[in-house]
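S.K.: Please read through the structure below; I'll follow up with questions.
All of the numbers you see were taken from the coordinates with simple rules; none came from a lab. Since we're looking at a predicted model, the values are computed, not measured. Methodologically, a virtual Cβ is constructed for each residue, glycine included, from the backbone with ideal geometry; neighbour enumeration extends over all protein chains shown.
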Amino acid sequence: MVNAQRRNLSILLADDHAVLRSGLRLILLDAFKNATVGEAADCRQALELAGTRAWDLIILDISMPGRGGLDVLKELRALYPKTRVLVLSMHSERQFAQRAFRAGAAGYLTKASAGAELLRAVQHVLAGGRYVSAVLAEQLAAELGNSESASLHAQLSDREFEVLRLIAAGKTVKEIASELSLSGNTISTYRTRILEKMKMSTTAELMHYAISNNLIE
């Protein structure tokens, strides 16, 4: 990590779990002695703090309360194109990684593997590369060799995919609306679009599909 330590780094941690932020902060400051590490506890705070300085890196949880994490990622990339964003998520690579990369992420790391891979991912991203775990690399290679690998949910927008997962998790329209800060009517409209795109007619079909394709944990 010699190159990253030659100058003072500024890293913004955006995650709603204070204990996790504290642990990541200690790891980063131990590796990058002169780094400045900021902390945001939700999407609103992440967007506010992102504009306070020229951050070298934002480590972003895409499952924080409030706006959809992928929407926040897109906004960060649009507003601060020179700032690299490493997504740190509770969701497996299979669920969100490709969408995160399409939204502008420079790397994707699951929280389960963060302890072992965080510094390697940070160094790789700061050097200008894209960090892909061995698990995701293997998955992408397999899909490239299979022309029939495209799934029904691949055609959904990021927000539709998010709503699909919440429906499949058994949440009501009211609960989903509250979690995503949207109206109940908007969530119902998303549900209708999802059913149409996936050529299904009931919530039960959506739930069965999501479970069968490991879209919920």
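S.K.: Arrange the peptides 11-23, 125-137 so that the one whose residues have, on average, the most other Cβ atoms within 10 Å appears first.
M.R.: Top to bottom by mean Cβ count within 10 Å: 11-23, 125-137.
S.K.: Moving on. For the range 152-212, which semi-axes, largest first and in whole Å, follow from the square roots of 5 times the eigenvalues of its Cα gyration tensor?
M.R.: 17, 12, 10
S.K.: Moving on. Using the structure shown, list the pairs from Lys111/Lys197; Lys33/Lys82; Lys74/Lys174; Lys111/Lys199; Lys82/Lys171 with a Cα-Cα distance above 28 Å, or answer none.
M.R.: Details: Lys111/Lys197 31 Å; Lys33/Lys82 23 Å; Lys74/Lys174 26 Å; Lys111/Lys199 34 Å; Lys82/Lys171 37 Å.
Cα-Cα > 28 Å for Lys111/Lys197; Lys111/Lys199; Lys82/Lys171; rest within.
S.K.: A further question follows. What span do the alpha-carbon atoms of the chain cover on each of the three principal axes, reported in whole Å from largest to smallest?
M.R.: Here the Cα extents, ordered largest to smallest, are 57, 41, 29 Å.
S.K.: Taking the Cα centre of the chain as origin and charging only Cβ (+1 Lys, Arg; -1 Asp, Glu), how large is the dipole, in debye to the nearest 20?
M.R.: Numbers: 26 positive and 23 negative charges, 113 e Å.
In total the dipole reaches around 540 debye.
S.K.: Given only helices, namely DSSP H runs of n ≥ 4 each adding -39500 (n - 2.57), what is the per-residue ellipticity at 222 nm of the chain, to the nearest 500 deg cm²/dmol?
M.R.: Values: 10 runs with 110 residues, N = 217.
-15500 deg cm²/dmol, from helical runs alone.
S.K.: If r is the Cβ-Cβ distance from Arg44 to Arg193 and R0 is 30 Å, what FRET efficiency results, to the nearest 0.05?
M.R.: Calculated transfer efficiency: 0.65.
S.K.: Next up: Give the relative contact order (percent, whole number) for the chain; include only Cα pairs under 8 Å separated by 6+ residues. Display every interim value, and only then the final one.
M.R.: Details: 294 pairs, mean separation 32.4, N = 217.
Relative contact order here is 15 percent.
S.K.: Right, next: Would you mind telling me the antiparallel percentage of the DSSP bridges in the range 15-141, rounded to 5? Intermediate results must be reported in sequence, preceding the final value.
M.R.: Values: 0 of 9 bridges.
Around 0 percent of the beta bridges assigned by DSSP in the range 15-141 are antiparallel ones.
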